[in-house]
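Visitor: Below is a structure I'd like to ask you about.
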Amino acid sequence: MLKAGIAGVGFMSWIHYLAYQRSTRAQLVAFCSRDEKKRQGDWRGIQGNFGPPGEVIPTERLKAYESLEQMLEDPEIDVIDICLPPHLHVQTACQALAAGKHVFCEKPLALSTQQCDQILNAAQRYDRQVLVAQVLPYMGEFQYAFQQVQKGALGRPLRAHFKRIISPPDWIPEFYDPEKVGGPLIDLHVHDAHYARLIFGMPRRVMCSATFQSGLVKFCHTLMEFDQPGIFVAASCGVTDQSARPFCHGFELHCEQAVLQYELSVQPGGVKIMPLSVLRPDGTAEYPQLPGSDDVSGFCAEIDDVVRSLESGIMEPRLSVQNARDAIHICQCLQKSAETGQWVDCR
């Protein structure tokens, strides 16, 4: 069984902790935190925008380290699960790789293409693997669409539109800091850029029309073009000032043999969902019954695929460090396009 150690204790660490409790292929054996209260197991101060609030966790079978350096010396640990703020990903990943550990890193992999390449170079230098937790393709409707495309069940993917919109993320004071979080493109749109990369490949060029805050894209409409004529992806993403709409996401995916539609919107009256629809050329519609899941299920599936990838040597595409790096590169190209008002080559 794969043995993991979590670096950092915050919201994503808590979700990963819950996922490890369900996994039958990986075991959490350690974590590190500078906070003595958290090292003693009191994670009750943790709260995010989904999932249950933090609790007091049992630490009898967990090693709690004060520093990353201490945890990296633990010979029992196979993989370091990085759940730290984005600006700490590069240094932490490179340290872990140099210590002979594999790396499982929460999205975004890093804040720039150059930083991503530092991690890729370190992985090659130390002959270790880096896997990235871009969880969207493991979640419900998005997973169904990805799997259908992978199987060729819908014919060739032709076009898509993605939507990912939030109200002001006041709980992240450094949200618009390019050196800390990276704003809506790196924090939000990276999900849909990564998903489009999985479905369609790497875009040839991109265009972005946007409003700005602190020099970063705040809200945008984007367009990606690919080498094959007629293949393109559009997206709407960013921050709206209307706090009554804290979160919305969805997609419309056009394939040769079907159109898939899905949308979820969190509103004052509760969550409004347009269920996944598979719309056929003959005028019929199907409404797939998806397996039961909750906020932690996708993360557990990710962790199990980390184990399969490391054991088999065959990388699951949804965890690929190259695909995660490409998603960051797409987002950087979109920022440049928004600034210049021109198409930007992604290759």
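The values are calculated or read from the model by the stated rules, or taken from the named source; none is laboratory data. Small disclaimer: the values here were computed from a predicted structure and weren't measured. Glycine also receives a Cβ, built like all others from the backbone with ideal geometry; neighbour counts cover every protein chain displayed. Just so you know, the surface numbers come from the protein's heavy atoms only, side chains and all, with ligands and any DNA or RNA stripped out. Shrake-Rupley method; radii C 1.70, N 1.55, O 1.52, S 1.80 Å.
Visitor: Restricting attention to the range 125-132, does a residue exist that is under 24 Å from residue 222 (Cβ atoms) and touching a strand residue (DSSP E or B) at 6+ places or on another chain (Cβ under 9 Å)?
Guide: Yes, the range 125-132 contains at least one residue that is under 24 Å from residue 222 (Cβ atoms) and touching a strand residue (DSSP E or B) at 6+ places or on another chain (Cβ under 9 Å).
Visitor: For the range 135-145, how many residues meet the condition of being over 12 Å from the mean Cα position of the chain (by Cα) and crowded, with 20+ Cβ neighbours inside 10 Å?
Guide: 4
Visitor: Any idea which residue in the range 124-134 is farthest from residue 321 (Cα to Cα), counting only those that are open to solvent by 10 Å² or more (accessible area, probe 1.4 Å) and touching a His at 6+ places or on another chain (Cβ under 9 Å)?
Guide: This residue is 128.
Visitor: Would you kindly identify the helices (runs of 4 or more DSSP H) lying entirely within the range 21-122 that contain at least 2 residues that are aromatic (Phe, Trp, Tyr)? Please lay out each step first, then the result.
Guide: On the way: elements: 36-39, 68-72, 89-98.
Correct list: empty, since no element meets the threshold.
Visitor: Would you pick out the residues in the range 246-263 that are of a type in the set (Phe, Trp, Tyr) and open to solvent by 30 Å² or more (accessible area, probe 1.4 Å)?
Guide: 247
Visitor: Which members of the range 144-167 meet the condition of being farther than 12 Å from residue 255 by Cβ and in contact with a Cys (Cβ under 9 Å, 6 or more places away or on another chain)?
Guide: Hits for the range 144-167 are 162, 163, 164, 165, 166.
Visitor: Exactly one of (1) modelled with pLDDT of 95 or more; (2) not in a strand (DSSP E or B) is unmet by residue 206. Its number?
Guide: Answer for residue 206: the failing condition is (2).
Visitor: Can you find, within the range 176-203, the residue that is farthest from residue 115 (Cα to Cα) among those that are part of a helix (DSSP H, G or I) and touching a Ser or Thr at 6+ places or on another chain (Cβ under 8 Å)?
Guide: For the range 176-203, the residue satisfying everything is 189.
Visitor: Filter the range 183-216 down to residues that are aromatic (Phe, Trp, Tyr) and buried (at least 18 other Cβ atoms within 10 Å of the Cβ) and give me whichever is farthest from residue 85 (Cα to Cα).
Guide: The residue in question is 200.
Visitor: Any chance the range 32-47 includes a residue that's within 16 Å of residue 295 (Cα to Cα), exposed (fewer than 14 other Cβ atoms within 10 Å of the Cβ) and either in contact with a Leu (Cβ under 8 Å, 6 or more places away or on another chain) or not β-branched (Val, Ile, Thr) (or both)?
Guide: Yes, because at least one residue in the range 32-47 is within 16 Å of residue 295 (Cα to Cα), exposed (fewer than 14 other Cβ atoms within 10 Å of the Cβ) and either in contact with a Leu (Cβ under 8 Å, 6 or more places away or on another chain) or not β-branched (Val, Ile, Thr) (or both).
Visitor: Let me ask another. Filtering the range 283-304 down to residues that are of a type in the set (A, V, I, L, M, F, W, C) and not in a helix (DSSP H, G or I), which residue is surrounded by the most Cβ atoms within 10 Å (Cβ to Cβ)?
Guide: 296
Visitor: Could you please let me know if residue 314 is over 21 Å from residue 15 (Cα atoms), free of Cβ contacts under 8 Å to residues at least 12 places away in the same chain and assigned to a strand (DSSP E or B)?
Guide: Criteria not met by residue 314.
Visitor: In addition: Just to check your reading of the model, which residue among 307, 266 is surrounded by 12 or more Cβ atoms within 10 Å (Cβ to Cβ), touching a residue at least 24 places away in the same chain (Cβ under 8 Å), farther than 22 Å from residue 157 by Cβ and of a type in the set (A, V, I, L, M, F, W, C)?
Guide: 307
Visitor: Step by step: first the residues of the range 217-232, then only those that are in contact (Cβ under 8 Å) with a residue 12 or more places away in the chain and assigned to a loop (DSSP other than H, G, I, E, B), then the one that is surrounded by the fewest Cβ atoms within 10 Å (Cβ to Cβ). Which residue is that?
Guide: Within the range 217-232, the match that is surrounded by the fewest Cβ atoms within 10 Å (Cβ to Cβ) is 230.
Visitor: With the condition kept exactly as written, say whether any residue in the range 107-117 is of a type in the set (Val, Ile, Thr), open to solvent by less than 20 Å² (accessible area, probe 1.4 Å) and in contact with a strand residue (DSSP E or B) (Cβ under 7 Å, 6 or more places away or on another chain).
Guide: Step one: of the range 107-117, the residues of a type in the set (Val, Ile, Thr) are 113.
After this cut, where a residue has to be open to solvent by less than 20 Å² (accessible area, probe 1.4 Å) as well, the list is 113.
Next, only the ones that are in contact with a strand residue (DSSP E or B) (Cβ under 7 Å, 6 or more places away or on another chain) stay: none.
No, the range 107-117 contains no residue that is of a type in the set (Val, Ile, Thr), open to solvent by less than 20 Å² (accessible area, probe 1.4 Å) and in contact with a strand residue (DSSP E or B) (Cβ under 7 Å, 6 or more places away or on another chain).
Visitor: Can you find even one residue in the range 62-79 that is surrounded by fewer than 17 Cβ atoms within 10 Å (Cβ to Cβ) and closer than 18 Å to residue 298 by Cβ?
Guide: no
Visitor: If you don't mind, there's one more thing I want to ask. Which of the residues that make up the range 164-201 are touching an Asp or Glu at 6+ places or on another chain (Cβ under 6 Å) and of a type in the set (A, V, I, L, M)?
Guide: 181
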